[in-house]
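As structure tokens, the structure follows; a few thoughts come after it.
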Amino acid sequence: MNLGFGLNNLTSITVSELTKAGAGSALVLLIAGIALLFAGRLILKLTVSVGFGVLLAYIGLRVSSGLKLGQIASILVILILFVIGFLVGWAIFKLSLSIIAGLSTALLLGGYMSLNLLYTLLLAIILIVIFYLAMDYIITAVAALAGLALIYISVNSLAGGDWALVAVILMLVLAILVKTGHRRRK
């Protein structure tokens, strides 16, 4: 059964074909791009926190079912674990990303600079701490770039590449003005 999708089809897609979307899809992409540009970190933080809370609540449900706790005790366990998961989910997510980024970078740098294992591990610990402290800014930047990419794709499919570039630049300037104005009020 050949569905018409293969490596040859994947490599023959041009950028102009990739940036073409229907009008309805383009409007959805535009809304999603604007949301990511202005509130991407908040959206991701809320999604991760709720997801981690649901995961812990599900684990609590499975354990309380296995222990044959009463219905009220099970509900209480599920609610407590959801709240705990919601509160610590973002920190665990940031820590996970920091560990992955710090270890990967330390291994690359350690191999490039011919460091022994001890120095590579020390470098990894330092990089993990640096990445953890900078992770909010990194996530904000990645979400903003993803939002700008979605805005470009949507405006390009609606009005063309020149207008898309103008829209991306204007949205970037507006986002910077909003972010700097928001920080001044704090």
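Below, the figures for the structure above:
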{"quantity": "Mean separation of Cα contacts under 8 Å (6+ apart) over length of the chain, as relative contact order %", "calculated": "32"}
{"quantity": "Solvent-accessible area of residue 28 with every protein chain in place, 1.4 Å probe, in Å² to the nearest 10", "calculated": "100"}
{"quantity": "CD proxy at 222 nm, helix term only [per DSSP H run n ≥ 4: -39500 (n - 2.57); per residue of the chain; nearest 500]", "calculated": "-31500 deg cm²/dmol"}
{"quantity": "Cα-projected label distance for residue 159 with residue 137, points at 7 Å along beta-carbon direction, nm", "calculated": "3.3"}
{"quantity": "Accessible area of the chain belonging to carbon and sulfur atoms, whole % at 1.4 Å probe", "calculated": "77"}
{"quantity": "In the chain, lysine pairs closer than 23 Å at Cα, eight or more apart or cross-chain", "calculated": "4"}
{"quantity": "Accessible surface, the chain, averaged per residue in Å² (probe 1.4 Å)", "calculated": "69"}
{"quantity": "With 5 Å bins from 0: P(r) over the chain, alpha-carbon pairs, percent", "calculated": "1, 7, 10, 10, 10, 12, 13, 14, 11, 7, 4, 1, 0"}
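The values are calculated or read from the model by the stated rules, or taken from the named source; none is laboratory data. Since the model is a prediction, treat every value here as computed from it, not as a measurement. Note that we place each Cβ from the backbone using ideal geometry, even for glycine, and neighbour counts take in every protein chain shown. Side chains included, ligands, DNA and RNA excluded: accessible areas come from the protein's heavy atoms. Shrake-Rupley method; radii C 1.70, N 1.55, O 1.52, S 1.80 Å.
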